[in-house]
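> Below is the structure I would like to discuss, written out as structure tokens.
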Amino acid sequence: MVLVAATGMVATFQPRLVIDPIVPLGILFLYLLAFAFGWMAGQPPATLEGYEPATAGSRNVLAGALAGLLGGLCLGLLLIAITVFDLRGVFINMSPELAEILGFGLPVAAAVFVIAVASAFMGALGAGVHLLSRRVRRALIGALTAVIVFSVLTDLFGQLFAGLSLEPVIDFLYTGRGGALTIIGSVVIFGAFIVLFWWMEGRDSTLRQRVQAMPKGQRSRWQIGAALIILVILYFVPRIMGPFVSQILVTAGIYLLMALGLNIVVGYAGLLDLGYVAFFAVGAYTTAILTSPQSPAFNPEISVLASLPFVMVAAAIAGILVATPVIRMRGDYLAIVTLGFGEIARILLNSEWLAPVFGGAQGITNIPDLQIGPLTFSTPQDYFYPIFLFVLLAAYVTFALQKSRWGRAWMAMREDESVAEAMGVNIVTAKLSAFVVGAILASFGGSLFAAQIGSVFPHTFDIVVSITVLVIIIVGGMGSVPGVTLGALVLIVLPNLLREFSEYQFLFYGVLLIVMMLKRPEGFIPSKRRAQELHTEELSQDAWLEIYGEKGQAEQVPEGAV
Amino acid sequence: MTTNGAPPPVLSLKGVNTHYGAAHILKDVDIDIHAGEMVCLLGGNASGKTTTLKTMLGYLRPSSGTVYMDGENVNGWSTAQRVGHGLTMVPENRRLFKRMTVKENLEIGAYLRQSDDLDADYERVFEMFPRVKERLTQKAGTLSGGEQQMVAMGRALMAQPKVLLMDEPSMGLAPVLVAQNFEIIEQINKAGVTVFVVEQNANMALSIADRGYVLQTGKIVLDDTSQALLANPQMRAAYLGDV
């Protein structure tokens, strides 16, 4: 909590009201942490076969309260520190403003007391939810989350209701467009969602189970129907959501395309490539050079669509160029060398030496819009469709490769390179092909990116892009297409929608990574294989637990799937 | 045994020297393995047994000397090419693809073959190792040591090898399983597969092999039939635990 306050997040979030006028975001965020501490402290220990399950009781609540209290006291100390000493020289965020917010405007002693009590109370609440029945707990937490989501994503929902011409709903729920929730609005949302979650928890079977229980013909009809409905909704998404949200979705789509490509390289073939941005740059610059009339050296001015085959070839060549020197490298060495390649790519693009070809720091501008037949794509809303198409293609390629001979060879190589070789897998071609397939997917992303933005500059192709793509697949679930999709949505869409958060984007990535590695190392939606891998590994560390392996997995999966 | 010259040995090393950087590991090694034979290579730790296998498979290139398969110089061949030509290895300590299923492990074994006639091969493996069939969908890493050894052998058999190289098949297995394992190796050999076993357990290996080579600090010091080696006093003192 101290850390959060010290980094200035609270002060930044404070002007944003969650529920007008009583709950500001900064304070809410702070005390949600106390709630989380309590929740963790009060969590009943995992029950093992043959042990009496520990009964939840007042002791858990006490533990939660203590955890919250501890956090609160730290915060109190911070408050004292801020008011007594002037720390701004070292920590620029520790302003009197922050002290004012933290202390609710009270004198210091009273404020510390209030903070401690409030934190302890939140901690106890956090622990206390474990005492409720599962159904009540889910409904309560779900509804609370819904209120926060509605409030924080006010822009998104404002846009959504406006797009559906439901302006009265905005006026009812929010204090104007992009504003905070009204008290009535939050109560209504809370009530609606509590009923919804209550009902969902009460059903005996989920929709998925019911669909799976259907006879085969009916099931496939259902699935086709669902796919059609999703497609229709997707068709209208950019129209309803307007340019702002569409732009975010387009960015997310491009990242998703890259993530699916990197997923093949890292997830399937086990080759940790930290310079993946280089292939993205290859795609963007190939399109830029071939299509823009302002390309310095060479400007055939072909259309973006016609540039795609060249992009593919260029990416394949780049993939081979990067892969060839690293054929005999494994693990850490490979990661470091590819990291170097990523930087080399950016520096070359930026260099004076190659400026006659790549335009140096000025980049290449005036890239024409994507045109397919009579259709011209110019706005972010337009680009949503081709990018969606490419993502579908990439997802299909990923699925198809998984079952193929190549896929098997990659996985064998990931598991044990020399044994795979002894089985006849040609390590050289396997590595080259993984790099090339990954490079091509990333280059298409780059190509679309160049066409959509209309210009390319070297500084765009920063190491941060590689890292972000890697974080997406780690958080989403390596090897799993739905997981990677969710990862891209969470990591790209959310920080962009939450304007206040964008400053802390990488802090969130860091925290998210740590939490994920501890709690759910296989990602949000893991591929079945990875989930089993990670959890059986954990379990088989204690050999006697191995027999309970199946059960252990069954318990692990729903836990984090909130 | 077909030592009377007509067909060339399926696999042979002629005057092979292999270096690891500056370290001279194999010194003028000559080994001939003829079709249908079971040959073993005996030797203590650091005698160069594994290096011999690596040279045969093409992980390492000899600094001088030649590796022949069916009389053809294969020094320039990659590992994958040699495997395609009928050479397959069961690695030391099994080294299965632990996070893949048993079935996937077997599939990789048949990687270089066209996959239309695999059913018969599966049947052959299941017949030899009924346990493997029961475990087909399980992750290879969750099997017991004995079961893993079965999968490792099954994986090698899926390649329909002409020559099967076995690196320390007794390593890390309970004595009962070692005996069982050697019975299976014998069975595979009787089915027409040439087998080359690298072993520290000289008694066990010689009891099933036709011939044996003894490797000491990179040199072949003895080369004879199993019976002769078992009777050799020098051999008995050094490797068979006779005092």
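Where a number appears in this text, it was derived from the coordinates with a stated rule and is not lab data. Bear in mind that the values here come from a model prediction, so they are computed numbers and not experimental data. Positions of Cβ are generated from backbone atoms using ideal geometry, with glycine treated the same way; all protein chains shown enter the neighbour counts.
> Let me have the relative contact order for the stretch B:99-160, percent, based on Cα pairs under 8 Å that are six or more residues apart. Provide the component values of the computation, followed by the final result.
Working: 64 pairs, mean separation 35.8, N = 62.
58 percent.
> A:LEU153 versus B:LEU118, label points 7 Å from Cα toward the beta carbon: distance in nm?
Between A:LEU153 and B:LEU118, the simple spin-label model gives 4.3 nm.
> Classify the stretch A:216-372 from the C-alpha gyration tensor, please: rounded if a/c falls under 1.5, else prolate or oblate depending on whether a/b exceeds b/c. Walk me through the numbers before you get to the answer.
Numbers: a/c = 2.37, a/b = 1.30, b/c = 1.82.
It is oblate, given that a/c is not under 1.5 and a/b is not larger than b/c.
> From a point 7 Å beyond the Cα of A:THR429 in the direction of its Cβ, which residues of the stretch B:35-76 have a backbone N at a distance under 20 Å?
Taking a point 7 Å out along Cα→Cβ of A:THR429, the residues of the stretch B:35-76 whose backbone N falls under 20 Å are B:57-59, B:74-76.
> Still on this structure, I have one more. Between the stretch A:332-369 and the stretch B:62-133, what's the alpha-carbon centroid distance in Å?
First find each Cα centre; the distance between them is then 43 Å.
> Based only on other Cβ atoms within 10 Å, what is the fewest-to-most ordering of B:LYS139, B:LYS14? The partial results should precede the final answer.
Details: B:LYS139 23, B:LYS14 16.
Result, fewest neighbours first: B:LYS14, B:LYS139.
> I would also like to ask the following. For a Förster distance of 22 Å, can you work out the FRET efficiency between the beta-carbons of A:ARG135 and A:MET214, rounded to the nearest 0.05? List each step's numbers first, then the result.
On the way: r = 26 Å, r/R0 = 1.20.
So, using R0 = 22 Å, E works out to roughly 0.25.
> Moving on to the next point. Take the Cβ-Cβ distance between B:SER63 and A:LEU348 as r, set R0 to 41 Å, and report the resulting FRET efficiency rounded to the nearest 0.05. Please list the in-between numbers first.
Numbers: r = 40 Å, r/R0 = 0.96.
The formula returns an efficiency of 0.55 here.
> Along the Cα→Cβ direction, 7 angstrom out, place labels at A:ILE317 and A:LYS519. What is the inter-label distance in nm?
Placing both labels 7 Å beyond Cα along the Cβ direction yields 4.8 nm.
> Per-residue Cβ counts within 10 Å, from other chains only, averaged over A:422-434: what number is that? Please report the intermediate quantities before stating the final value.
Working: counts 21, 18, 17, 6, 8, 3, 2, 1, 1, 0, 0, 0, 0.
Mean number of neighbouring Cβ atoms from other chains: 6.
> Taking a cut-off of 17 Å between Cα atoms, list the lysines near B:LYS103, but don't count ones fewer than 8 places away on the same chain.
A:LYS403, A:LYS528, B:LYS133, B:LYS139
> Next up: Quick one: order B:VAL176, A:VAL357, B:VAL214 by neighbouring beta-carbon count within 10 Å, fewest to most.
On the way: B:VAL176 9, A:VAL357 17, B:VAL214 23.
Neighbour counts put them in this order, fewest first: B:VAL176, A:VAL357, B:VAL214.
> To continue, here is another question. Just want the ordering: B:CYS40, A:CYS74, from fewest to most Cβ atoms lying within 10 Å of their own Cβ. Write out the running numbers ahead of the final one.
Working: B:CYS40 26, A:CYS74 17.
Exposure proxy ranking, most exposed first: A:CYS74, B:CYS40.
> Quick one: check the C-alpha center-to-center distance for the stretch A:391-408 versus the stretch B:161-211, whole angstrom.
40
> Quick one: net charge of A:GLN452's neighbours, Cβ under 11 Å, K/R +1, D/E -1?
Details: positive: none; negative: A:ASP369, A:ASP382.
Residues close to A:GLN452 contribute a combined charge of -2.
> Let me ask something else about it. Between A:TYR235 and A:LEU77, how many nm apart are label points set 7 Å from Cα along the C-beta direction?
For A:TYR235 paired with A:LEU77, the spin-label model returns 6.1 nm.
> Mind running the shape call on the stretch B:69-221? Use the C-alpha gyration tensor, a ≥ b ≥ c as the square roots of the eigenvalues: rounded below 1.5 for a/c, prolate if a/b tops b/c, oblate otherwise.
Numbers: a/c = 1.73, a/b = 1.17, b/c = 1.47.
Because a/c hits 1.5 or more and a/b fails to exceed b/c, the stretch B:69-221 counts as oblate.
> Here's another thing I want to ask about it. What is the sum of charges, Lys and Arg at +1 and Asp and Glu at -1, for the other residues whose Cβ falls under 15 Å from the Cβ of B:THR194? Display every interim value, and only then the final one.
Values: positive: B:ARG82, B:LYS162, B:LYS190, B:ARG211; negative: B:ASP32, B:GLU37, B:ASP70, B:GLU186, B:ASP210.
Charge balance in the 15 Å sphere: -1.
> Leaving out same-chain residues fewer than 8 places away, which lysines sit with a Cα under 29 Å from that of B:LYS27?
B:LYS14, B:LYS49, B:LYS54, B:LYS162, B:LYS219
> Please find the FRET efficiency linking B:ASN45 to A:ALA400, where r is the Cβ-Cβ separation and R0 is fixed at 56 Å, and quote it to the nearest 0.05. Don't skip to the answer; put the middle values down first.
On the way: r = 47 Å, r/R0 = 0.84.
Once the sixth-power term is evaluated, E becomes 0.75.
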